[in-house]
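Q: Here you go, one structure.
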Amino acid sequence: MSSLLLAIWSLWQRRGRVVLAALALAFGIASVILGLSIVSGYQKEIEKMTFGAYSRALIIRENKLVLDVYGPPNLADGQALKSSLEGFENIIFRRSSQIEVRHSRETYYTKAVGFFGDFSLETGDRLYWGKLPDTNTKEAKRQCLLGYRLAAKLKILRTKTKPKTIIVNDAICDLVGIMAEPESRIEEAYGLAVVMPFNFLVHYVDNSEDRGVDELDQITVIFKPDVKLADKTRKADRIMRKNHGIPQTHASGFTYNDENFPLKALEKQRNLVGMIILVLGGLSVLVSALGFGVIWVNMLTARKSEIATQIAVGASFTKLLLQLIAEVCFIAISAAFIGFGLSYFIGHALQEMLGITIIIPPIQILWIVGFSVLLAIIIAMQAILSVALQPLSNLVK
Amino acid sequence: MTQIGISVHNLGKVFGKRGGEVKNKGVGKNGDGQTIIFKDWSCVFNTGELSIIYGRSGSGKTTLLSLLGLLDTPDSGDIKIGNINPYKMSARKRALFRRQTFSYIFQRTGLIDGMSIKQNLTLPLRYRALPNNYKSVANLNKAMEQAAIDLPLSRKAANLSGGERMRVAIARALVVPFEILLCDEPTAALDEETSHIICKTLLNLARNGKTVIIASHDPLMHEYADCLINLEEG
């Protein structure tokens, strides 16, 4: 207890230098947290803008290059995939159809997309107005979500009071929302579309007579991060072949696209930029820890006679060491808090001013803070031992 | 019969380059960059006596005090405290023995500037498991009275004059129990009247069974000494 009290007293006596030492370390910690947060935000932003959830998705479609004897994917395939595939986050069924959409005197020919499952993972969930339609239900709910550009074509984008309904292929549909202006390739694909629940599309909107009600255009299986897509593709193919009676000796009736594949170069570029930012952040932590060490050595040198007095009047080596370690730990932990606070505020300021996404990943931050504190303590320990292990007569002189 | 407080036998101490043999016969610098402070030096300090070590600057007074007080290690020879040779103990045991046996008054006082007089006086008590009466204000006042201080306990050490600092340092040495008191120039910063008071206090301690060893070139102290040791004569 007396070591801790003396540590607090001692720090208070040198509060100016203590603050300086803590700030030296805090800036390093802040820079590496900020670097990591920018990389995380950048990673998320790239994924969102370029790949969407496709970056970790398997897209199953009919293979048009083989003889049309196996048919397109269907709802039963989806159920089989759900029960047999592991490691997925969501499975979305999609079917589209050509439609005529009318509102007031405006008519437009475009496509309707019916979803079963959480389609926002695929299209994004940014809205200009209203809410998303309920596509997780088996009911044929008459709910429509308009693409931003389609809403503009139908002249309902700028109106103060939004219409309650629109007409799609002569079927009345409740207008529940309008998507936000597209900002990515994926969102652009839905700019002129009407999104609705799958069962409403197949029962009331799709007039094609040559397609069964369970037929799909596409099954999107979104996997959890870090799942190996190649393994899952083989498993999915076995399930699809079994459901459609396709022997292994024949070409598969389905394609399994990894939409992410052509964009690997961009991903590499992203990783490289991230690595550079992290290396710079790491270097700044190292420099900060060294700066902290220099200030600490300076503080200890100035305290040589005080340390000698403490030993001479009865302080044991252990108690003295405990006191000095307590001081270093206090400064380093304070620096960690200051560094975290600094990075939080600077990060938010950057987000506001530059519009970049900042994500602070908590686990990595804990590792960084722990490592920085440990590094500072190790550097400081060298100084502590070099002073404490000197012959007492040297300290007294 | 007089009891031996500290006995020194064939003490050798060299500063400078290590590893070489001490070549010259006497004290001083040799050709190998070594400064020989002590060579085959022997002496006895008795319990209940006030011994004064004197000599010119650089003659090794402070070094001898450091060696006697276990703050430094001799290069050769023996130093025994009573019948105990602390240099045969482990470093940990020696440190414990040092804390229980010695009290020091440093030439530069060793007061911690940021602390008040009271905090400086009670600093040794923080590190020792002593009965509560040692921590009492009465004990502090007694030590201050012995050191001829009449200052508020709350005053910061940084605000004291040289003489006041030395007297507080003396008081700090007296608040804890000890067997041997080592003082390095205790009267250097004091006026004559206060020097006499301090000398009487130190002599009184010796008469009460303590071993008091003082390094000083102040001739005023010589009249109080039971034993005078001149380092210049070897």
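Q: Looking at (1) within 27 Å of residue A:233 (Cα to Cα); (2) outside any loop (DSSP other than H, G, I, E, B), which is the one condition that is false for residue A:136?
A: Against the list (1) within 27 Å of residue A:233 (Cα to Cα); (2) outside any loop (DSSP other than H, G, I, E, B), residue A:136 comes up short only on (2).
Q: Enumerate the pairs (first residue in the range A:13-27 and touching a residue at least 12 places away in the same chain (Cβ under 8 Å); second residue anywhere and hydroxyl-bearing (Ser, Thr, Tyr) and part of a helix (DSSP H, G or I)) with beta-carbon separation below 7 Å, excluding pairs fewer than 6 apart on the same chain, so at least 6 apart or on different chains.
A: Between residues of the range A:13-27 that are touching a residue at least 12 places away in the same chain (Cβ under 8 Å) and residues that are hydroxyl-bearing (Ser, Thr, Tyr) and part of a helix (DSSP H, G or I), the close pairs are A:22/A:334; A:24/A:288; A:25/A:288; A:25/A:372; A:27/A:288.
Q: Something else about it: Determine whether the range A:337-356 contains at least one residue that is surrounded by fewer than 14 Cβ atoms within 10 Å (Cβ to Cβ), within 14 Å of another protein chain (Cβ to nearest Cβ) and in a helix (DSSP H, G or I).
A: No, the range A:337-356 has no match at all.
Q: OK, next. Look through the range B:101-152, keep the residues that are outside any helix (DSSP H, G or I) and of a type in the set (Val, Ile, Thr), and return whichever of them is nearest to residue B:174 (Cα to Cα). Full working, then the answer.
A: So the first thing to find is which residues in the range B:101-152 are outside any helix (DSSP H, G or I), and the list is B:102-116, B:127-131, B:136, B:147-152.
Then keep just the ones that are of a type in the set (Val, Ile, Thr); that gives B:105, B:109, B:112, B:149.
Working: B:105: 9, B:109: 14, B:112: 17, B:149: 13 Å.
Ranking the candidates gives B:105 first.
Q: Another question, if that's okay. Which members of the range B:79-96 meet the condition of being open to solvent by less than 30 Å² (accessible area, probe 1.4 Å) and either more than 8 Å from chain A (Cβ to nearest Cβ) or in contact with a Pro (Cβ under 7 Å, 6 or more places away or on another chain) (or both)?
A: Within the range B:79-96, B:79, B:81, B:82, B:85, B:86 meet the criteria.
Q: Okay, next question. Out of A:319, A:235, which single residue is in the same structural domain as residue A:15 (by TED's automatic domain parsing), of a type in the set (Lys, Arg), in contact (Cβ under 8 Å) with a residue 24 or more places away in the chain and surrounded by fewer than 20 Cβ atoms within 10 Å (Cβ to Cβ)?
A: Details: A:235 fails: in the same structural domain as residue A:15 (by TED's automatic domain parsing).
From the options A:319, A:235, the qualifying one is A:319.
Q: Can you tell me which residue within the range B:98-123, out of those that are more than 8 Å from every other protein chain (Cβ to nearest Cβ), open to solvent by 30 Å² or more (accessible area, probe 1.4 Å) and under 20 Å from residue B:182 (Cβ atoms), is nearest to the chain's Cα centre (by Cα)?
A: Checking each candidate, the answer is B:107.
Q: Considering each of A:333, A:276 in turn, give the residue that is open to solvent by 30 Å² or more (accessible area, probe 1.4 Å), within 29 Å of residue A:386 (Cα to Cα) and assigned to a helix (DSSP H, G or I). Even if it seems obvious, please write down each step before you answer.
A: Details: A:276 fails: within 29 Å of residue A:386 (Cα to Cα).
Residue meeting the stated conditions: A:333.
Q: Follow-up. Is it the case, given these coordinates, that residue A:359 is assigned by TED's automatic domain parsing to the domain that holds residue A:31, open to solvent by 40 Å² or more (accessible area, probe 1.4 Å) and not in a helix (DSSP H, G or I)? Don't jump to the end; show me each part of the working.
A: On the way: assigned by TED's automatic domain parsing to the domain that holds residue A:31: yes; open to solvent by 40 Å² or more (accessible area, probe 1.4 Å): yes; not in a helix (DSSP H, G or I): yes.
Yes.
Q: Something else about it: Looking at the range A:80-109, which of its residues are among the aromatic types (Phe, Trp, Tyr) and open to solvent by 30 Å² or more (accessible area, probe 1.4 Å)?
A: As a first pass, look at the range A:80-109 and keep what is among the aromatic types (Phe, Trp, Tyr): A:88, A:93, A:108-109.
Residues satisfying the conditions are A:88, A:108, A:109.
Q: Let me ask you something else. Residue B:134: open to solvent by less than 30 Å² (accessible area, probe 1.4 Å) and within 14 Å of chain A (Cβ to nearest Cβ), yes or no? Break it down stepwise before answering.
A: On the way: open to solvent by less than 30 Å² (accessible area, probe 1.4 Å): no; within 14 Å of chain A (Cβ to nearest Cβ): yes.
No, not satisfied.
Per-residue answers, yes or no, for (1) touching an Asp or Glu at 6+ places or on another chain (Cβ under 8 Å); (2) open to solvent by less than 10 Å² (accessible area, probe 1.4 Å):
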site	(1), (2)
B:130	no, no
B:140	no, yes
B:152	no, no
B:158	yes, no
B:166	no, yes
B:171	no, yes
B:174	no, no
B:179	no, no
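Q: Is it the case, given these coordinates, that residue B:158 is touching a residue at least 24 places away in the same chain (Cβ under 8 Å), within 13 Å of chain A (Cβ to nearest Cβ), over 27 Å from residue B:5 (Cβ atoms) and assigned to a helix (DSSP H, G or I)?
A: Working: touching a residue at least 24 places away in the same chain (Cβ under 8 Å): yes; within 13 Å of chain A (Cβ to nearest Cβ): yes; over 27 Å from residue B:5 (Cβ atoms): yes; assigned to a helix (DSSP H, G or I): yes.
Yes, satisfied.
Q: Can I ask one more? Could you check the range A:131-170 and list, in sequence order, the residues that are over 21 Å from residue A:120 (Cβ atoms) and open to solvent by 40 Å² or more (accessible area, probe 1.4 Å)? First the steps, then the outcome.
A: Quick first cut of the range A:131-170, residues over 21 Å from residue A:120 (Cβ atoms) only: A:152-156, A:158-161, A:163-165, A:167, A:169-170.
Answer for the range A:131-170, where residues must be over 21 Å from residue A:120 (Cβ atoms) and open to solvent by 40 Å² or more (accessible area, probe 1.4 Å): A:152, A:153, A:155, A:158, A:159, A:160, A:161, A:164, A:165, A:167, A:170.
Residues are listed down the side, and each one gets a yes or a no for (1) under 33 Å from the mean Cα position of the chain (by Cα); (2) not charged (D, E, K, R):
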| residue | (1), (2) |
| --- | --- |
| A:202 | no, yes |
| A:208 | no, yes |
| A:214 | no, no |
| A:226 | yes, no |
| A:232 | yes, no |
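Q: Taking the range A:327-341 as the region of interest, how many residues are more than 22 Å from the chain's Cα centre (by Cα) and under 14 Å from residue A:36 (Cβ atoms)?
A: So the first thing to find is which residues in the range A:327-341 are more than 22 Å from the chain's Cα centre (by Cα), and the list is A:327-339.
In the following step, the residues that additionally are under 14 Å from residue A:36 (Cβ atoms) were identified as A:339.
Residues flagged as more than 22 Å from the chain's Cα centre (by Cα) and under 14 Å from residue A:36 (Cβ atoms) within the range A:327-341 amount to 1.
The values are calculated or read from the model by the stated rules, or taken from the named source; none is laboratory data. Just so it is clear, the model here is predicted, and its values are computed rather than measured. All Cβ positions, even for glycine, are placed from backbone atoms using ideal geometry, and neighbour counts span all protein chains on display. The accessibility values were calculated without ligands, DNA or RNA, using every heavy atom of the protein model including side chains. Shrake-Rupley method; radii C 1.70, N 1.55, O 1.52, S 1.80 Å.
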